[in-house]
Amino acid sequence: MILGLETSCDETAAAVVTDSGEILANVVSSQAELHAKYGGVVPEVASRRHLELVTPVLREALDEAGVGLDRVERIAVTQGPGLIGALLVGLSAAKALAWARRLPLAPVNHLHGHVASLFLRPDPLEPPFLCLLASGGHTLLLDVQEHGGFAVLGTTLDDAAGEAFDKGARLLGLGYPGGAAIDRLAREGDPEAFAFPIARVPGLDFSFSGLKTALLYKVRELGANELERRRADLAASYQRAIVGALVERAEVAAEQIGAGRIAVVGGVAANSELRAALPGAALAPLELCTDNAAMIASAGRYVEVIPFARYLALDAYASTAA
Ligand code: KG4
Ligand code: ZN
């Protein structure tokens, strides 16, 4: 029995997962509304909210699973990358729990967590596969040869795909976070109404900042009234450009490494156009696309655990370079 904890950004999440990958509870408390009025996540506000929520969310997960702390055998927690203050709240809670129960601690890389969302029941995916990880913080093409790790084939040179969605949503006046809002509005629009350019950088990398600038200019050019009238067309065309870039690069990468299977994970994997564009792909279940602790507990099955008491000085890390 593994208890997972995730607090790297603006979701406070706890989950109970069995060693075979069955989810017994997966509780996510999103702070999105709290940050919406600022147009993005405010790190210190997030840390304080995690502090308030971490205990009730943990309790709820254990209650829902019908599992007492005495039955938990391992604590898995996101160590990084993410907002350092937010990470420290989850890491401290995990250390306290593990220490009190004399349990081992599994420090999890958040990105590995997203990949491990594919290893859960009822349909666990077996490596090898090519994985597109697209979230608010990352856009990565990964060669996944084993459950416990991956090699990075490509990344974004500027904005992440989710960030491009969020910035686009803001320009269109759709609020924060905006990926899901663009997704909804795009269904009513014409994806070919506007031609948004996608930078073709060499290799398997991505670039989304030019796209965002193109939308900004288009919004200015149209003016307030026209923007109102064409908002759905703009959303559809903008989304088409992002999805097109993701699909094209994922397919090229899969071919390059001879992968028989493409998988998609991360918050942007919830996008309906992206899901439809890759019909043969293994798609993370919708509830496991955005940040959650079930994926962290899942990854916690494949990392080297730190035995009791040796983790007390363990630190969080903000970026993957660490
Ligand atoms: O994985 P995630 O919860 O957090 C990070 O690790 O970053 O991803 C959040 C991102 C946000 O940028 C959000 O706008 C985007 O995922 N997102 C979507 C959709 N749902 C969430 N983007 C496009 N379409 C969606 N349906
Ligand atoms: Zn994430």
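Below are the figures for this structure:
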quantity	calculated
Hz values of 3J(HN,Hα) by residue in the stretch 162-170 - Karplus curve (6.51, -1.76, 1.60), Gly and Pro given as x	x, 5, 4, 4, 5, 5, x, 4, 5
Accessible-area order (highest first, 1.4 angstrom probe) of the listed residues 217, 238	217, 238
Rounded accessible area per residue of the chain, 1.4 Å, Å²	43
At 0.692 mPa s and 37 °C, Stokes diffusion of the stretch 179-322 via Kirkwood alpha-carbon radius, µm² per second	182
Cut-off under 5 Å, modelled amide H: who pairs with residue 156 long-range	139, 206
Note, ³J(HN,Hα) from phi for the stretch 45-55, Karplus 6.51, -1.76, 1.60, rounded to Hz, x at Gly and Pro	5, 4, 4, 5, 5, 4, 4, 6, 8, 4, 5
Heavy-atom accessible surface of the chain: percent carbon and sulfur, 1.4 Å	51
Reach of residue 218 by Cα under 28 Å, taken over lysines that are not fewer than 8 positions away in the same chain	37, 167
Kirkwood Rh and Cα Rg combined as Rg/Rh, the stretch 111-156	0.95
Choice from 39, 223, 66 with maximal GNM fluctuation in the chain (Cα, 10 Å cutoff)	223
Accessible area (Å², 1.4 Å probe, nearest 10) - residue 153	60
Accessible-area value, residue 218, 1.4 Å probe, nucleic acids and ligands omitted, Å²	50
10 Å binning of all Cα-Cα separations within the chain, expressed as whole percents from 0 upward	6, 27, 33, 23, 9, 2, 0
Rg/Rh for the stretch 215-288, where both radii come from Cα atoms and Rh is the Kirkwood radius	1.12
Cα centroid of the stretch 250-277 to Cα centroid of the stretch 39-54, whole Å	31
Neighbourhood charge, 10 Å Cβ-Cβ cut-off, centred on residue 308 and excluding it, Lys, Arg +1 and Asp, Glu -1	+3
Accessible area (Å², 1.4 Å probe, nearest 10) - residue 38	120
For the stretch 78-212: Kirkwood Rh in Å [reciprocal of mean 1/r, alpha carbons]	17.5
Relative contact order (percent, whole number), the chain, Cα cutoff 8 Å, 6+ residue spacing	25
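The values are calculated or read from the model by the stated rules, or taken from the named source; none is laboratory data. Computed from a predicted model, the values in this text were never measured in an experiment. Backbone-built Cβ (ideal geometry, glycine too); neighbour counts: all protein chains shown. Quick note on the areas: whole protein, heavy atoms, side chains included, nothing else; ligands and nucleic acids left out. Shrake-Rupley method; radii C 1.70, N 1.55, O 1.52, S 1.80 Å.
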